[in-house]
Structures are given as structure tokens and as C-alpha cells.
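Let me begin by presenting the structure, written as C-alpha cells, before commenting on it.
Coordinate-derived values only; no laboratory data. Computed from a prediction, not measured in an experiment: that's the story for all the values here. Heads up, the Cβs are rebuilt from the backbone with ideal geometry, glycines too, and the neighbour counts pull from every protein chain shown.
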């Protein structure tokens, strides 16, 4: 991943510090207002007291955390959410890696490669809610999957009603929504791989399995890592997919946050969100740590 | 056909779209030779090397080593190994792991392979860098790691693709000597590809000049420098003047060619009335203020004097065509005085060289 | 019961994965091609099914089998004068306006940040990670935090023109990293010598920017803007808690799916948004293809692009 200096282009002509400030300022202000300030607010509000309609600023207390940990609901949901995120991340690696591998290493011409990559990536631009809704006719009681199971294959007599509104349906939809965040970084990593290093490995007698284990996979690891961070973090914060496909019977930390918000108990919503951020940060830190270890060995 | 060494017989390589990259290559390389493939970009030298290394297959023809057919054999199974252009080191592995890689792939156990790898690393003088990653090494050091990585597998021949291309000039000079020394010490065949004439002349036992997908000439450095076979080689080796004309007469082992710029006499044989071309090395051209002789002399204008440190290159204008001469460094003051003036360029008959058409 | 599904899924995934790991490319290729096709079905299948179901007759249902296919009933239904459809159409109009403004802001911010990162500056590393942080912040959290901020300063959500400010704000923050990365890749391939030459010839830094820099990178700026437009058009979670009464189309769709009885107009609405999105991608690809072709032609005339036979054959194989 390297430092940010690797990403800085440094292709520009000399300029005055004032000019630098002029280019930096608008974006910085925007990010401070609409990204940093909201995140800081979440942590602050979680530490403030609740009022009937909102919160009392700067009246510090830990009551919100007390409220969310009062019953086991929050902790159980948090555990389930973490488990779901890890499951979706694993499935995304298992699906995304071969897809990225196919695109970058089995498709010969660059033009065809780019064309297929755009086909793979295009669903990303379809409204997220629409992509969730599109699962209705597939996973429903009379959906495509049940139709195949009952009518075509005949493996079950009765349609499986648990298909929609189930954790499996949610997992499936989440994988479909977020797998592109795994495919893209791995694809770019594999596409820019030093072809000569692979040829050299083969030249020195490595079998296909060993070329993959010794050269291709270690070199694509940064891409896998970025993909894992994206998928893990975004699924941890998921709420609409769980709500629509889970049909209100299945919870995630995201739906809980929304529930607290509508009560309204804003500090509790903030406390739940803070816990979420904490878990995500720890998760990302573990992943980064893992990459550091790999680099030293 | 020889039973030892590397033999290329009637090798062609035609890429899709009817692009002929390599055509009619016949070559025998003895074991322990230092061979340099020399030619401009796109001449087919790298393709030839890749076919020997097994990274590409000939469209037709055979490649054998010690009588054993290599066609269709995978790179891993061939007793030849490549040092890739830009080295192709594994960036995530240490020097030791890079060098031990080939042995690991052969299934050698850890202690044995690390012992052999260490020996190879010490052979190329990098004993202190054993545990560094490639990016922590200089270009010259990376080059040595790449070399150690192939040496350790004890191949019959080592293929080097522009091995010095990434290094600065001073380091290039140093590595030339080192590479050559190492090759003599090991007695392994080295096949080296470059576009740099000087590098080829200084390192090779024999040079294979390639151009337009075919072998233009094979010879020792001195043969190539003194007796380029045709115009392509003469021009590519540099510092040669080529004159074209019609053969006027042939007698006593010499021919006289009538060129638009005067008559020239060169050793060789030919038939009167046919086209003839000759080459004369810049260093064989003498500059004086004498009158123009009947043969082997032209009147030229001295445009520009280029000081090269150990010699002087004179850029001459020969009725609008460039003509080169090279003289001793001591004559700098003398010749500089003639810049912009007319002088006479002459050369001895035996220094001229008849080219194949 | 569900564990069986997970088991089936895992077994199915192990096949292509191990083919990729253990087989040489020529042998693993057909397996991976098959997997790729299944993947495409997985990605597009649900949308396709939805598309088919949107063309049902008036008695169409939400699931298969489709009834009276080939009718545009549910598309014409979108034009009905019911309060629901008026709300939907209002949502579409609002979405388009918001997206347009977000596109302009994303383009400007991406351009200025792209320019900023052409040279190193103090705090550049932190700013870089802040931009990427936006990619990794779950939308709901952003929405929640901003709604707290609005509550704290006493801002009335969704009222008047001012109500659009937070909506546009978060959507631009979401699109910014994409636009920024587009500009970064543009500047990475960009030759600054033209600018230095302009400065040498006496142009001020503003003139240089207007006369030299901008004309060379405008497709990148356009691309950044288009990212802003499409991402804003489809954005939902980030605006969820701050929109008040301003219901953009995705918000409206969420409200419909979670409250009313669903009819196939939901599908036809989905189809309409997909068509809009894909049209926009098409425009983007067309523009980049045209500029790409111009560049390719320039290189061809230059004749310096070809240096060795393999690259020549690569060019020949790609049909240039």
C-alpha cells in the first residue's frame, strides 16, 4: 500500500504556496463539513445525554452505552453482523479472485479485456435500491429459484418459503452488491503484474500451482487486501439490504441504528454507530497488520 | 550438424498477421562460447532468444542442444535459463529466496538449497545483501541477483536479454568485464542480446548481426569491424563509409568501381558492368591538403570536428552526402584549423572492402 | 436448512478457484470462462428477471410466471395522476436536478484536488486518506452524523432550497474519491512540459491553466462530473436521514418497497433508472473512446510507438 507519496503525481510545474492553498482549500472544506464533522459528531453525540426529541449538547454521560448494552440484543446483532461481514468477504474473495484472474490473465487483447471489465462493472451504476428490489422475483416463494427447484429439477416438492426473508438471501444479495469492490482492486493488481517475473518463475521450473502460490498470489495480495477492507467495512454498515430482503425479521447493526434513530434515541443510535466504527477500525487494523507481516516475511 | 552445442536449423517465426519476425536462421553455437546477438529494435534478436529459452516456439525449423531436440519442451524442462530484461526479480522475496527459487522448484530441501544459493550469491559478490529485498538494491546489484538466480540451477546455457540496458554507462563498462570474467570462469555458454555495438564488440567470442528478421553476418568482433559483409552490417557497426557504383574493371585481385564521386579500387573480384559497393572504415581514412589522386580519394568539406577524448571524428561533406574520418587525438589542433574548408580524403587500397550486393 | 445452501455455494466456488490455482492457463481457461458466464448471470439475472416482469399486463404479479407479457401497461402506469405516481415523478425531477449540481461540484472539486496533488505539499498524505475515507464510510453513518450536525445547529431538514445543501453535500463527498482518482490517473499520464513551455513564453499561471492545462484534461473533468451525476442519481443511504421532505427517486423507491403493496410498476421504475444509468455510461465511454482514438492517431503519425516485434504483433492482434 505504501505511503501516499507513491500516489502523488508530482508532475506539476512549480507554484506558489498561495496557489497550492487555493487548489487544496475547496475540497478540504467540503470533506471537513460533510465527512469529518459528521463522523466526529457521531462519537460526540454518543457521549451526550438524551432529550425527548434529540440530545443535549456537551452534557456528557455514558448512559447511551448503558442503554444499548442493557439487553443482549445489540451484542448479539453485532456478533451476527461481524459474522455476516466475514462470510460475505470470504465469498467475495472466492468469487472475485477467479473473475479478476480470468479478466486479467485469460483475456488476450486489451480492448476485449476493458470491454468485459466494463460489462462486469456496469451494475455498480445501477441504483442500489433497484438492485435489491431486483432480487424479489428471484428469491421469492414463487421466484425463479423455487421455480427451478420444484418444476424443472423436481428436487423439492414444496417451494422453499424461507428463501426470501432469510439470512442466506441477504448473504446472496450482499455478495452480488459488493463483489465488484473485490474484483476491481484485484483486477488492477493482476493486470499490472510483472509478466516477466511469472515467466522467470516458469523458466526456473515452477509448476502452475507453484507459480500461483509463490508469485501471482503474493503479488496480488495488496489488491485482495483493499478488496477485503472495502467489502468488510461496507457490509458491516449495511442496512437497506437487510431491511428490504430480511423483511424486518433480521437485524444488523445498521437496522438497529435506524431503529434507535426513529424512537428517537439519538445518543443510543450514536453509541451503536460508534461501536460499529470501532469494530470496523479494529477489523481494518488487523487486515493491515496482516499485510505488514506478509511484507516482512 | 554438430552433436554438441546449441544448433538452430532453418528456424522461422511468423506472427499472426503474417509478420515475419525471424527468417531462415541457421546457427551453431559451441559449448562455452560467448555469443552476442546484435541488431536494431525489431530485428528478431529477442524473438530468437525467446525461442531458444522456450518462451516462444519456432513456426518451423529445429533447435537442439547437445543433439537433444528442444522444440515444444517447456522453459522449465530446458537446460537453458533466461536472465530477463529488467531482471524480473520477485519483488516480494529476499535476495536469498530469489536465488534459491529454482532449487526450491526442483524440490531440494531448505538447508541444501540455501547453501547453494548462498554460494551463488557470494560468487556474484553480494554476500552482505543476502536478506534484502530487490527494491533495496541498486541496478547493478539487482542484475547480479538475476544472474545468481540462473547460475544456481547449473544450466547448459544462459540467455541474457539486454542485461546491461538498465545500467548507467560507467556501471555498464564494469559489468561487461565482470560478466565476461564470470563466463570464462564457469565455462557455460552465454547468449547475450543487445543493440549496443560497443558492448557486442567488447564481450563476444562471436557476434551474430541480425537485421530485417535474418542473420546478416556471423563473425568474431574483428571480422565484423574489419570486414562487414554487406551494407546493412557496415552501416550498423558504425563509422563506415559506403560508396556505390558500377564495376569498371577487375584485375589482379582488385576491382575498380566507378562511383558518382570518383573511382575507387578495392581488393576483391567482380564482373565489369555489374553494380558494386564498397565500405571504408572511418579510421582508415586519411585527411590532407594534397591534390586528389586518380583513385581512392575524394574532395570533401570539413564540416565539423568532434573530439572524442581518445580520437577525433571528422564529419565531412561529400557533395551533400556525409562522409566520416577518424584521426589521432594529437592532430586536434591541426585539423580544427580546417573546419569549413575543403580537404582531401584518401585511403589505401587494402583498407577498402567490397560489399556483397 | 440454510446451511445446505451455504455448503452448495462453497462447493461450487471451490471448483473454479482450484482450477485457477492448480491448472496451467490453457487448461483453467475453459473452467474460468464457464464461471465467468455464471457470474454474469448472477450479476444481471435478477435485473433481467425484473426487466421481463416490468412488461406484464395489468394483472401482472411480482413474481414468475409472467402474465400477458409484451405490454407497456406498467410503464404507462408511471404517468398516472395518482398521488403515488405524482410523488414518483417529483422524485425523478428532484433526483435529476440534485445530480446535475452534484456533477458540477464533483467536477470542480476533483479538478482542484487533482491539481493540488500534482506536487507534494504538507498534509497531502492526510488529505489523500481523507478522500479515500469517504469510499469506506458506510452511507448510513454519514447520514446519521450529518443529521446530528444539522440538529445541533438547528437546521430544518428538507425545507426550501436550503434543504438541498446537505443532500448535495454528502452526495458530492461520496462521488469525490471517484472523480479524484480519475483526475489522478489523468495527471499521471500528463506531460507537464507544455505548461512549463507556456510559462517560459510569458503566460501567467492563470492563463496557462486556461489555455494549456484545461484543454488537455477536460475529458477527465467531464468524466469526474459524470461519476458525480450517476452516483448521485442512485445514492440512497447517505441521504436517508437528512433529506426531510425532499424525496429523491431512490428514497421514494425505498419508502414504496418498505411500506405499500408492491405492484410491477416498481419494476418498470427500476428499468427506467437502469436505462438512464446505462445511457450515461454509454456517453462516458463514447467521449473517452473519441479522445482515445485521437491520441492513438497522434501516436501512429509520430511512429514512435513501435519498438520491437512482440509489441507490433500485439498491436496487430488488437486490430489497429
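Run the simple label-point estimate for residue B:356 and residue C:126 please: 7 Å along Cα→C-beta, distance reported in nm.
According to this spin-label approximation, the distance is 7.2 nm.
If each residue's Cβ is checked for other Cβ atoms within 10 Å, how do B:305, A:45, B:193 rank with the fewest at the top?
B:305, B:193, A:45
Want the number for residue B:154 to residue B:259: 0.36 nm per residue separation, take away the alpha-carbon distance, what's left?
32.3 nm
If R₀ is 60 angstrom, what is the calculated FRET efficiency for the pair residue B:10 and residue C:279, using the beta carbon separation as r and rounding to 0.05?
The computed FRET efficiency comes out at 0.55.
May I ask for the angle, rounded to the nearest 10°, between helix B:95-105 and the longest principal axis of chain B, with both axes built from Cα atoms and the value confined to 0 to 90°?
Value to nearest ten degrees: 70.
To make sure I understand, if each residue's beta carbon is the centre and we count other beta carbons within 10 Å, what order do B:231, A:195 fall in, fewest to most?
Least to most surrounded, the residues fall as A:195, B:231.
Could you tell me the center-to-center distance, by alpha carbons, between the range B:118-166 and the range B:6-28 in angstrom?
So the two Cα centres are separated by 30 Å.
Where does helix B:139-151 land angle-wise versus the long Cα axis of chain B, in degrees 0 to 90, nearest 10?
Value to nearest ten degrees: 60.
Using the Cα gyration tensor of the range B:285-343, with a ≥ b ≥ c the square roots of its eigenvalues, what is the shape: rounded (a/c below 1.5), prolate (a/b larger than b/c) or oblate (neither)?
prolate
Give me D for the protein assembly as shown in µm² s⁻¹, whole number, from Stokes-Einstein with Rh from the Kirkwood sum over alpha-carbon pairs, 37 °C and 0.692 mPa s.
98 µm²/s
Estimate the FRET efficiency between residue C:26 and residue B:108 by the formula 1/(1 + (r/R0)^6), using the beta-carbon distance for r and 25 Å for R0, to the nearest 0.05.
Calculated transfer efficiency: 0.30.
Rounded to the nearest 0.05, what FRET efficiency is calculated for residue C:133 and residue B:130 with R0 set to 41 Å and r the Cβ-Cβ distance?
0.55
With a ≥ b ≥ c the root eigenvalues of the C-alpha gyration tensor of chain C, is it rounded (a/c under 1.5), prolate (a/b larger than b/c) or oblate?
oblate
For the range C:88-126 and the range B:231-282, what is the centre-to-centre distance using only Cα atoms, to the nearest Å?
Between the Cα centre of the range C:88-126 and that of the range B:231-282, the gap is 71 Å.
Over what distance in Å are the Cα centres of the range B:289-357 and the range A:54-127 separated?
Taking the Cα centre of the range A:54-127 as reference, the centre of the range B:289-357 is 76 Å away.
Rounded to the nearest 5, what % of the DSSP beta bridges within the protein assembly as shown are antiparallel ones?
Restricted to the protein assembly as shown, the bridges split so that about 75 percent are antiparallel.
Residues of the range B:313-342 with the amide nitrogen closer than 11 Å to a label point 7 Å from the Cα of residue B:307, along Cα-to-Cβ, please.
B:332-333, B:336
Which shape class, rounded, prolate or oblate, goes with the range C:113-235 when its Cα gyration tensor gives a ≥ b ≥ c as root eigenvalues, a/c under 1.5 marks rounded, and past that a/b bigger than b/c marks prolate?
Prolate is the answer for the range C:113-235, as a/c is 1.5 or above and a/b outweighs b/c.
Roughly what would the spin-label model give for residue B:332 and residue B:184, points 7 Å off Cα along C-beta, in nm?
Going by the 7 Å Cα→Cβ label model, 3.2 nm.
Output the 0 to 90 degree angle, nearest 10, between the alpha-carbon long axis of helix B:110-123 and the longest principal axis computed from the alpha carbons of chain B.
20 degrees
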